[in-house]
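Novice: First the structure, which I've put down as structure tokens, then a few questions once you've had a look.
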Amino acid sequence: FAAGTGLAVLLVLNVVNPEALVVHHNIRHWEQTGRLDVGYAAGLSDDAVPVLVDVADRLDPPYRAQLRAALCTRTVPVAGEPSLSWNWARDRAAAALDARCRTG
């Protein structure tokens, strides 16, 4: 029973994507207060990267530049590159960073 419950919780967390929720909460906080901890946001896991890339254009230019600099210096494998340690979040992060950092 415990193993089944643990597996169910893990599946729900993968669908919900808590790190994306954190990003959305921080963006709402920024909209209300004008303050954003870019270092914290950029330090979230690969699950948060596509969301951060999507919301970056909404930020004020100084925050946008800080976020872009922080994200574009992340080390992630090239999107689509085969690897024994492949995972979906890392592949999505690599694709989002490739689109944002290589093309503007």
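Novice: Show that you can apply the helix-only estimate: for the chain, add -39,500 (n - 2.57) for every DSSP H stretch of four or more residues, divide by all residues, and state [θ] at 222 nm to the nearest 500. Write out the running numbers ahead of the final one.
Specialist: Numbers: 6 runs with 65 residues, N = 104.
After summing the helix terms and dividing by the residues of the chain, the value is -19000 deg cm²/dmol.
Novice: Continuing with the same structure: Mind checking the angle between helix 18-33 and the chain's longest principal axis? C-alpha axes, 0 to 90 degrees, to the nearest 10.
Specialist: So the helix axis and the longest Cα principal axis differ by about 30 degrees.
Novice: So how tilted is helix 61-72 from the main axis of the chain? Cα-based, degrees 0 to 90, rounded to 10.
Specialist: 40
Novice: Can you list the residues, at least 5 places off or on another chain, whose amide H is less than 5 Å from the amide H of Leu59, using H built in the peptide plane?
Specialist: The answer is none.
Novice: Angle check, please: helix 2-16 long axis (alpha carbons) against the longest principal axis of the chain (alpha carbons), in degrees 0 to 90, nearest 10.
Specialist: 30
Novice: So, one more: Return the single residue from Leu71, Leu52, Leu11 with maximal mean-square fluctuation; model: Gaussian network over the chain, springs between Cα atoms under 10 Å.
Specialist: Leu11
Novice: Same structure, new question: In whole Hz, with x marking every Gly and Pro, tabulate ³J(HN,Hα) for region 48-59 from phi via Karplus 6.51 cos²θ - 1.76 cosθ + 1.60, θ = phi - 60°.
Specialist: With coefficients 6.51, -1.76 and 1.60, one gets 8, 4, x, 5, 4, 4, 5, 8, 4, 5, 7, 6 Hz.
Novice: In whole percent, what relative contact order does the chain give with Cα contacts below 8 Å and a gap of six or more residues?
Specialist: Values: 77 pairs, mean separation 25.8, N = 104.
Reported as a whole number, the value is 25 percent.
Only the coordinates and a few stated rules stand behind these numbers; no lab work does. For clarity, every value in this text was computed on a predicted model and none was experimentally measured.
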